[in-house]
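The structure appears below as structure tokens.
The values are calculated or read from the model by the stated rules, or taken from the named source; none is laboratory data. Keep in mind the model is a prediction, meaning the values are calculated, not measured. Backbone-built Cβ (ideal geometry, glycine too); neighbour counts: all protein chains shown. Areas reflect the complete protein model, heavy atoms only, side chains present, ligands, DNA and RNA absent. Shrake-Rupley method; radii C 1.70, N 1.55, O 1.52, S 1.80 Å.
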Amino acid sequence: MTSALLTDQYELTMVDAALKDGTADRRCVFEVFARRLPDGRRYGVAAGLGRFLTALGDFRFGDDEIGFLRDRGVIDAGTAAWLADYRFTGDIRAYREGEVYFPNSPILQVEGTFAEAVVLETLALSVFNADSAIASAAARMVSAADGRPLAEMGSRRTGEWNAVAAARAAYIAGFGATSNLEAGRTWGIPTMGTAAHAFTLLHDSEEAAFRSQLDALGNGTTLLVDTYDIEQAVDTAVRLTDGKLGGVRIDSGDLPSVVAAVRAQLDRLGATDTKITVTNDLDEYTIAALRAAPVDSYGVGTSVVSGSGHPAAGMVFKLVAHRGADADGEWVSVAKKSADKASIGGRKEAGRRLRNGVATAEVVLTAGQVGPDERPLLVPVVTGGEVDPAFLGAAGVEAARAHHARAKAELPADAARIGRGDPAIPTLVI
């Protein structure tokens, strides 16, 4: 399926006009960045690169797409012919997926002709804004969980394909599994799930439902114990498994007190190895509030797939440089000067300044190269239109997850705090 019409009309009307006035082939550099982090956030997590590169490979205008555009009067015959042959032939550099970012970090840099690059604006922003928002929220939840596993289970709280992307972003940021099977198939993410309250309500008794689930999934399964009376359900679960039950899940109530009571009951009954999973509309704040409770793992839905109150990362796609009128002319730095929306012109280099392995600044250079005490952040991902396969598929997701863990470990200790605060390190534009 083509991704070419996952775009805004003005991109194609700009191409149409640029083809007519002769500027369509002018070499340009566009950058994706966020002017600021969401209020109170200390860092962001760049996610979506693998999805964007996959969509770039499918960015083609076939007869159906061109016919639709012609019928709507969006383009003329000359632009239709140009689109029919469209293939991105330029270069793209990016922050590795899973990298942390800060205000004005140039997380994606697209170089090509004006026409071939500008049509990628909406595609890039729709992917990076959503995925980075989710990964950024998920990373905060991972910090709040303090080493305890988290599972993403928000498919029913977002669009069906958004759910797949959300599971991917959360996994890159440190979640251990997802309930979404398509995310497991497409991206290789571990999947999990047992039963809902409906399964208990279906049976003539809670004991009958538990027996059925145990027969199907074995004693290592996790039983949902809050359909009726939690204390009675735990008694039944332990009795049916001779104290060998894998886990119980709690999805309601005052979680700190309920979890403490269930842990005490399980230990009293000899089920000391039975784990406790909690769900129930968790976010980073409720997870942090449960840090002292005997919780073994968390399941998070609505908050993670919605970016925990910030569903978009606020990223923009801006032209920062172009060649002069002569194709071999000097590069011209360009930037918006609008109030509150000013941008920084020029093709950037970016590095993470480190001292004894700890990040002290994000360095964005408008000229020159990254210094010896700075980790380079921009890497080539597309060269001459050819995508580096290392960033694609399930292998790309695993690489992104591993890179995120390394990048997050470089941040100063207070970056893990989930209370409101300034970015963990300053951005120095040089």
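A few points about this structure:
- When the stretch 293-305 is filtered for residues that are touching a helix residue (DSSP H, G or I) at 6+ places or on another chain (Cβ under 8 Å), surrounded by fewer than 18 Cβ atoms within 10 Å (Cβ to Cβ) and under 17 Å from ALA264 (Cα atoms), the ones remaining, listed by number, are ALA293, PRO294.
- Inter-residue pairs, beta-carbon under 8 Å, first free of Cβ contacts under 8 Å to residues at least 60 places away in the same chain and open to solvent by less than 80 Å² (accessible area, probe 1.4 Å) and in the stretch 271-288, second of a type in the set (Lys, Arg) and part of a helix (DSSP H, G or I), 6+ apart: ILE276/ARG263
- In the stretch 45-67, the residues that are touching a residue at least 24 places away in the same chain (Cβ under 8 Å) and either surrounded by fewer than 13 Cβ atoms within 10 Å (Cβ to Cβ) or among the acidic types (Asp, Glu) (or both): ASP58, GLY62, GLU65
- Within the stretch 310-333, the residues that satisfy the criterion of being in a loop (DSSP other than H, G, I, E, B) and modelled with pLDDT of 95 or more are HIS310, PRO311, ALA312, ALA313, GLY314.
Here is a yes/no grid of residues against (1) closer than 30 Å to ARG420 by Cβ; (2) at pLDDT below 95; (3) in contact with a Pro (Cβ under 6 Å, 6 or more places away or on another chain); (4) among the aliphatic types (A, V, I, L, M):
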position: GLY270; (1), (2), (3), (4): no, no, no, no
position: VAL278; (1), (2), (3), (4): yes, no, no, yes
position: LYS337; (1), (2), (3), (4): no, yes, no, no
position: LYS348; (1), (2), (3), (4): yes, no, yes, no
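- Residue satisfying all of: in the stretch 212-232; part of a helix (DSSP H, G or I) and closer than 12 Å to THR194 by Cα; most open to solvent (accessible area, probe 1.4 Å) among these: LEU217
- Note on the stretch 384-417: residues that are assigned to a loop (DSSP other than H, G, I, E, B) and of a type in the set (Gly, Ala, Ser) total 2.
- Positions within the stretch 98-110 being among the charged types (D, E, K, R) and surrounded by fewer than 24 Cβ atoms within 10 Å (Cβ to Cβ), in sequence order: none
- Checking each residue in the stretch 37-74 for being of a type in the set (Ser, Thr, Tyr) and within 20 Å of GLU121 (Cα to Cα) picks out only THR54.
- Scanning the stretch 333-363 for residues that are touching a Gly at 6+ places or on another chain (Cβ under 6 Å), among the β-branched types (Val, Ile, Thr) and either over 22 Å from ASP373 (Cβ atoms) or loosely packed, with under 11 Cβ neighbours inside 10 Å (or both) turns up just one, VAL334.
- Test: residue in the stretch 170-187 that is open to solvent by less than 10 Å² (accessible area, probe 1.4 Å), farther than 18 Å from GLY309 by Cβ and either among the polar types (S, T, N, Q) or without any contact (Cβ under 8 Å) to a residue 60 or more places away in the chain (or both): yes
- Qualifying residue in the stretch 82-90 (condition: open to solvent by 30 Å² or more (accessible area, probe 1.4 Å) and over 21 Å from VAL382 (Cα atoms)): yes
- Verdict on ALA196 being small (Gly, Ala, Ser), within 22 Å of THR221 (Cα to Cα), in contact with a Pro (Cβ under 6 Å, 6 or more places away or on another chain) and modelled with pLDDT of 95 or more: no
- Options GLY270, GLY307, GLY243; residue that is farther than 30 Å from GLU207 by Cβ and assigned to a loop (DSSP other than H, G, I, E, B): GLY307
- Selection status of THR113, touching a residue at least 60 places away in the same chain (Cβ under 8 Å), over 21 Å from ARG323 (Cα atoms) and either polar (S, T, N, Q) or open to solvent by less than 30 Å² (accessible area, probe 1.4 Å) (or both): no
- Single residue of HIS322, HIS404 found to be within 22 Å of ALA135 (Cβ to Cβ), touching a residue at least 60 places away in the same chain (Cβ under 8 Å) and open to solvent by less than 40 Å² (accessible area, probe 1.4 Å): HIS404
- Which listed residue is over 30 Å from ALA325 (Cα atoms) and either surrounded by fewer than 18 Cβ atoms within 10 Å (Cβ to Cβ) or in contact with a Cys (Cβ under 6 Å, 6 or more places away or on another chain) (or both), from ASP25, ASP8, ASP39, ASP21: ASP39
- Unmet criterion (only one of (1) without any contact (Cβ under 8 Å) to a residue 24 or more places away in the chain; (2) out of contact with any strand residue (DSSP E or B) (no Cβ under 7 Å at 6 or more places or on another chain)) for ALA163: (1)
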